[in-house]
Every structure is written in C-alpha cells, then in structure tokens.
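*Asks:* Just passing along the structure, written as structure tokens.
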Amino acid sequence: MPSGHTPLRTRTGAAVLEVGIRAVTAFLRRADTMVPPGTEHRHIDLDGVVARLTAGGE
C-alpha cells in the first residue's frame, strides 16, 4: 500500500483513505497542545455523550 494510504475495512467492504502526512501531523500537534494526553476528561463529558447515545432518543 502506498505511503499516505490507509485501508479501512468493514464486514461489508473496504475503502482507502488518502491523507497528507504534513496536515495530519500538524493537526495532531495542535490537538496535543490544546488537550494534553490525560486531560481529555476536562474537555469532554464522555459519560454524558455515552448516556445520550444509548438513551435511544437520538
């Protein structure tokens, strides 16, 4: 598989995602600066998100 291509597979098929490594690297660096590893819980209420998703109302 060529560099920059990521195969995505499901039970029903497959797709190939092509992304620019520089863009992804820059995004990940910004994300890491804004939300350092281990502090995610301070920025998003994952328990609330899971509760809403499993409530059946959406």
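*Asks:* If you roll a 1.4 angstrom probe over the protein chains with everything in place, what fraction of the accessible area of the range 8-58 belongs to carbon and sulfur, to the nearest %?
*Replies:* Numbers: 2910 of 4850 Å².
Carbon and sulfur together cover 60 percent of it.
*Asks:* Between Arg42 and Ala23, what is the label-point separation in nm under the 7 Å Cα-to-beta-carbon projection?
*Replies:* A separation of 3.1 nm, rounded to one decimal place.
The values are calculated or read from the model by the stated rules, or taken from the named source; none is laboratory data. Keep in mind the model is a prediction, meaning the values are calculated, not measured. Note: ideal-geometry Cβ built from the backbone for every residue, glycine included; neighbour counts use all protein chains shown. Accessible surface areas use protein heavy atoms only, side chains included; no ligands, DNA or RNA. Shrake-Rupley method; radii C 1.70, N 1.55, O 1.52, S 1.80 Å.
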